[in-house]
Amino acid sequence: MKDLILSFESGKKYFFHGSEKNAPDISAEITLPELPPPLTLLSCKDYLITLKNPSDSSCHALFLNSCDPDTVARTSEIEFSFPNLNPNSYYAVLLIGNYSDSKWEWGPGRGSNFLNFSILESNTYGFFSDLHGRRTFQVFCPECFSYIGFMENPVRAYFIDGSKIPAETCTLKLLTEYANGNILPDSICCFQVRLMSIPEEAYLFYKSLYTYNLMSDDPFRELVNINGNVVGGNGIIALCRSRDLIVTISQTGKMHDPYF
């Protein structure tokens, strides 16, 4: 049997239909967005910080030492920008760490791993939401180095509405904690800052989830409707395009060839 190769064109509408025994049919209409604009690296700073309580870190450090209250983690600040070519576009920002030392490429995150991050500075409003279907793996020492364990967490993406970008360029500076030298050597050789163009329906879906979680502890909250495009079901089915900025630890960057 030959491999099935699908070809998609930006701006075209695609239709999805699914059915299963003893379940109602579902369908969705999806428009493939344009390729996101190119990214430019502005700066990259790499340093060590001491985490007094790493398990509560807002950046969700990749390597955690739960038995040491003063854990040193390697940290990077990455500042980048992209032009606001189409204000009617919607974006999601992701971060990937790639490992250079093959002897540590074991476990669920072999070779590369999605990293969670926080936003230090930005000229554009955005919000974080868990990206469904993606997971990140953190390594930790549960009982003072008696064994190494894995902790699985959702991947958090940063979502941006292109119409909210106040200038011709969107600028972001992100912070990530990705290594704890007390447990594993620093083997990340580069980062991939991934900018995804997403359909409006996907943006509204994650925006409604963000609003729901934001108001979940408010006893006087109003009803929040979860947006989606699945007829006969719940959720979102979307096609996205992405472009990567490769950022090495030596503070250099280059563009990766665009792809679906």
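Structural remarks
- Note on segment 19-46: among residues that are open to solvent by 60 Å² or more (accessible area, probe 1.4 Å) and in a strand (DSSP E or B), the one that is nearest to Val93 (Cα to Cα) is Thr40.
- Yes/no for Phe145 being more than 26 Å from Arg241 (Cβ to Cβ), open to solvent by 10 Å² or more (accessible area, probe 1.4 Å), modelled with pLDDT under 60 and touching a Ser or Thr at 6+ places or on another chain (Cβ under 6 Å): no
- Hey, Ile183 open to solvent by less than 70 Å² (accessible area, probe 1.4 Å), touching a Gly at 6+ places or on another chain (Cβ under 9 Å) and modelled with pLDDT under 85 or not: no
- Take the conditions (1) under 30 Å from Tyr47 (Cβ atoms); (2) of a type in the set (Val, Ile, Thr); (3) surrounded by fewer than 18 Cβ atoms within 10 Å (Cβ to Cβ); (4) at pLDDT 80 or above; Val231 misses just one of them, which is (1).
The values are calculated or read from the model by the stated rules, or taken from the named source; none is laboratory data. Given the structure is predicted, the values throughout are model-derived calculations rather than measurements. Positions of Cβ are backbone-derived with ideal geometry, glycine not excepted, and every protein chain shown enters the neighbour counts. Surface areas here come from the heavy atoms of the whole protein model, side chains and all, with no ligands, DNA or RNA. Shrake-Rupley method; radii C 1.70, N 1.55, O 1.52, S 1.80 Å.
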